[in-house]
Amino acid sequence: MTRLTWRTAGESHGAALIGVVEGMPAGLELSVERIDADLARRQRGYGRGGRMKIETDRVEILSGVKGGVTLGSPVAYRVSNKDSVIERLPIPTNPRPGHADLAGCLKYGHRDPRAVLERASARETATRVAAGAIARQVLEAFGIEVFAHLDSLGGASVRPDAWEAAGERRAELRDGSEFLALDPDADECLKAVVDAARADQDSLGGSFEVRALGLPPGLGSYQSGPERMTARIGAALFAIPAIKGVEFGIGFEVAERPGSDVHDPIVPAPAGAPMRYARPSNRAGGLEGGVTNGEALVVRAAMKPIPTLRRGMPSVDFATGEATQATYQRSDVTSVPACSVVGEAVVALALAEAFLEKYGGDSLAQVRAAYDFHMDEVRRV
Ligand code: EPS
């Protein structure tokens, strides 16, 4: 059995984006349609720019699958770029504040932001979404759902109880929203916020929430700091370009409230429940000791505004050293809805990795046997 790991390669305007997911158990029916649906969702969102009109992201599975079923070997795949013009694109003369342009040029010791931004671009996140859509199919085989939705954009928030109000209609509401939010009444207001930023030639950030339902208790470990799911999910989200904050459960509010209003009581569960213990609240967001505790995982992430501004930002011309404005070619006003899909994917990857670490086997049947054994133990603790 191989540990679940993934790698991506590819430039924004190169031939293709490539990914490899290693450690998938054998015997899982892998739906390509499910991967393509997540890729298509990542392309959505009001406020995106011209590139998404050019691309139609689709996955092409290159290995690891036979007859639609995983073999246990590495799953390699390609997402082709239609806008594959890397050799013809101009080299930006003035680095963009907030992007990797200048830091990357200083790192490599050259004045070619094109050589930096082609990989630093958020285009790469399409490959992470495909990896997440592959990994999450393991989770779905065990009834685990990972679900992201937008909760604020440019300072405008959707209703705070949107999750509770949506209930079982969450997928229908989110997928019907141009912002991938759960509050249909908020869409018009969010559109106005994006339109105003577009008119100002500016860009906008925002935040999104990812929830995972149906998780078994005991994923991750407190035995070693980096094994904590708080660290692993936090790292997965912080590795998305433009993510500047991550919080679990009530998040930063833990710093302000007394302990009695932070920690979730433990009470006897009603007869017939899957565990002898219940939690009337979930302020912890599903993690205690860095380990899943059987409650829903609740994590939020904050995305900064895209650094490519039509109006420009103060910069310096590489050749002359004179003050000027940053180079502008094309960009989105906002891509927070798309970022929520990426967040969902990387959380699914982190959870699938921990799930297979705990219940790992070479085949799905072996994973299921270990899972069933542990669930039986959990019922008796
Ligand atoms: C993106 C592709 C990019 C941008 C955006 C995300 O396309 P292009 O650079 O050709 O316009 O739309 O890139 C960034 C936000 C970034 O930081 O570079 C995509 O596929 O998501």
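The values are calculated or read from the model by the stated rules, or taken from the named source; none is laboratory data. Model, not experiment: these values are computed from the prediction. Quick reminder, even Gly has a Cβ in these numbers, built from the backbone with ideal geometry, and neighbours come from all protein chains shown. Please note that ligands, DNA and RNA were not included when accessible areas were found on the heavy atoms of the full protein model with its side chains. Shrake-Rupley method; radii C 1.70, N 1.55, O 1.52, S 1.80 Å.
Let me spell it out: the conditions are (1) within 16 Å of the ligand (Cβ to nearest atom); (2) surrounded by fewer than 17 Cβ atoms within 10 Å (Cβ to Cβ), and Gly67 meets all of them except one. Which number is the exception?
So Gly67 meets the others, but not (1).
It is to be established whether one or more residues within region 75-85 are away from the ligand (no atom under 16 Å from the Cβ), closer than 24 Å to Ala236 by Cβ and either over 24 Å from the mean Cα position of the chain (by Cα) or assigned to a loop (DSSP other than H, G, I, E, B) (or both).
Looking for residues that are away from the ligand (no atom under 16 Å from the Cβ), closer than 24 Å to Ala236 by Cβ and either over 24 Å from the mean Cα position of the chain (by Cα) or assigned to a loop (DSSP other than H, G, I, E, B) (or both), one finds none in region 75-85, hence no.
Could you figure out which of (1) in contact with a strand residue (DSSP E or B) (Cβ under 9 Å, 6 or more places away or on another chain); (2) not in a loop (DSSP other than H, G, I, E, B) isn't true of Leu106?
Condition (1) is where Leu106 drops out.
If you go through region 104-111 one residue at a time, do you hit one that is open to solvent by 20 Å² or more (accessible area, probe 1.4 Å), of a type in the set (A, V, I, L, M) and touching a residue at least 12 places away in the same chain (Cβ under 8 Å)?
Let us first name the residues in region 104-111 that are open to solvent by 20 Å² or more (accessible area, probe 1.4 Å), namely 106-111.
Retained after the next criterion (residues that are of a type in the set (A, V, I, L, M)): 106.
Cutting the leftovers down to touching a residue at least 12 places away in the same chain (Cβ under 8 Å) gives us none.
Within region 104-111, none of the residues are open to solvent by 20 Å² or more (accessible area, probe 1.4 Å), of a type in the set (A, V, I, L, M) and touching a residue at least 12 places away in the same chain (Cβ under 8 Å).
Restricting to region 250-268, give me the number of residues that are open to solvent by 50 Å² or more (accessible area, probe 1.4 Å) and either within 19 Å of the chain's Cα centre (by Cα) or of a type in the set (A, V, I, L, M) (or both). Explain how you work it out, then say what you get.
Restricting attention to region 250-268, the residues satisfying the condition of being open to solvent by 50 Å² or more (accessible area, probe 1.4 Å) are 252-258, 260-261, 263, 265-268.
From what's left, either within 19 Å of the chain's Cα centre (by Cα) or of a type in the set (A, V, I, L, M) (or both): 254-255, 266-267.
Number of matching residues: 4.
Evaluate the following for Val138: is it at pLDDT 95 or above and either closer than 18 Å to Ile243 by Cβ or touching a Leu at 6+ places or on another chain (Cβ under 7 Å) (or both)? If you could, list the steps in order and put the result at the bottom.
Details: at pLDDT 95 or above: yes; either closer than 18 Å to Ile243 by Cβ or touching a Leu at 6+ places or on another chain (Cβ under 7 Å) (or both): yes.
So Val138 passes the test.
Go through (1) closer than 19 Å to Gly206 by Cα; (2) among the acidic types (Asp, Glu); (3) open to solvent by 50 Å² or more (accessible area, probe 1.4 Å) and name the single condition Glu247 misses.
(3)
List the strands (runs of 3 or more DSSP E) that sit entirely inside region 297-336 and contain at least 3 residues that are over 22 Å from Lys244 (Cβ atoms).
Those strands (runs of 3 or more DSSP E) span 323-325.
Select from region 177-190 the residues that are in contact with a helix residue (DSSP H, G or I) (Cβ under 7 Å, 6 or more places away or on another chain) and surrounded by fewer than 22 Cβ atoms within 10 Å (Cβ to Cβ) and write down the one among them that is modelled with the lowest pLDDT.
Among those residues, the one meeting the criterion is Pro184.
For Arg44, are the conditions met, namely being of a type in the set (Lys, Arg), part of a loop (DSSP other than H, G, I, E, B), within 13 Å of the ligand (Cβ to nearest atom) and within 23 Å of Ser331 (Cα to Cα)?
Working: of a type in the set (Lys, Arg): yes; part of a loop (DSSP other than H, G, I, E, B): yes; within 13 Å of the ligand (Cβ to nearest atom): yes; within 23 Å of Ser331 (Cα to Cα): yes.
Yes.
Starting from region 307-325, keep only residues that are of a type in the set (S, T, N, Q), then list their pairs with residues that are open to solvent by 40 Å² or more (accessible area, probe 1.4 Å) and not in a loop (DSSP other than H, G, I, E, B) whose Cβ atoms are within a distance under 9 Å, requiring at least 6 positions of separation or different chains.
These pairs meet every condition: Ser315/Leu102; Ser315/Ala323; Ser315/Thr324; Ser315/Gln325; Thr324/Pro314; Thr324/Val316; Gln325/Pro314.
Condition first: open to solvent by 10 Å² or more (accessible area, probe 1.4 Å), out of contact with any strand residue (DSSP E or B) (no Cβ under 7 Å at 6 or more places or on another chain) and touching a residue at least 60 places away in the same chain (Cβ under 8 Å). Now tell me which residues in region 124-162 satisfy that.
Gln137, Ala141, Phe142, Gly143
When the residues of region 1-41 are narrowed to those that are polar (S, T, N, Q) and either open to solvent by 30 Å² or more (accessible area, probe 1.4 Å) or away from the ligand (no atom under 14 Å from the Cβ) (or both), which ends up nearest to Glu60 (Cα to Cα)?
Out of the qualifying residues, it is Ser31.
Which ones in region 90-103 are buried (at least 18 other Cβ atoms within 10 Å of the Cβ) and part of a loop (DSSP other than H, G, I, E, B)?
Pro92, Asn94, Pro95, Arg96, His99, Ala100
Just one of (1) open to solvent by 20 Å² or more (accessible area, probe 1.4 Å); (2) away from the ligand (no atom under 15 Å from the Cβ) trips up Ile54, so point out which.
Result: Ile54 fails condition (2) only.
Taking region 269-313 on its own, how many of its residues are closer than 28 Å to Leu351 by Cβ, of a type outside the set (D, E, K, R) and open to solvent by 60 Å² or more (accessible area, probe 1.4 Å)?
Result for region 269-313: 5.
Within region 330-350, which residues are open to solvent by less than 10 Å² (accessible area, probe 1.4 Å) and touching a Ser or Thr at 6+ places or on another chain (Cβ under 7 Å)?
Thr334, Val342
Go over the candidates Ile240, Ile233 one by one and state the one that is over 19 Å from Gly214 (Cα atoms) and surrounded by 12 or more Cβ atoms within 10 Å (Cβ to Cβ).
Ile240 is the lone residue from the list that is over 19 Å from Gly214 (Cα atoms) and surrounded by 12 or more Cβ atoms within 10 Å (Cβ to Cβ).
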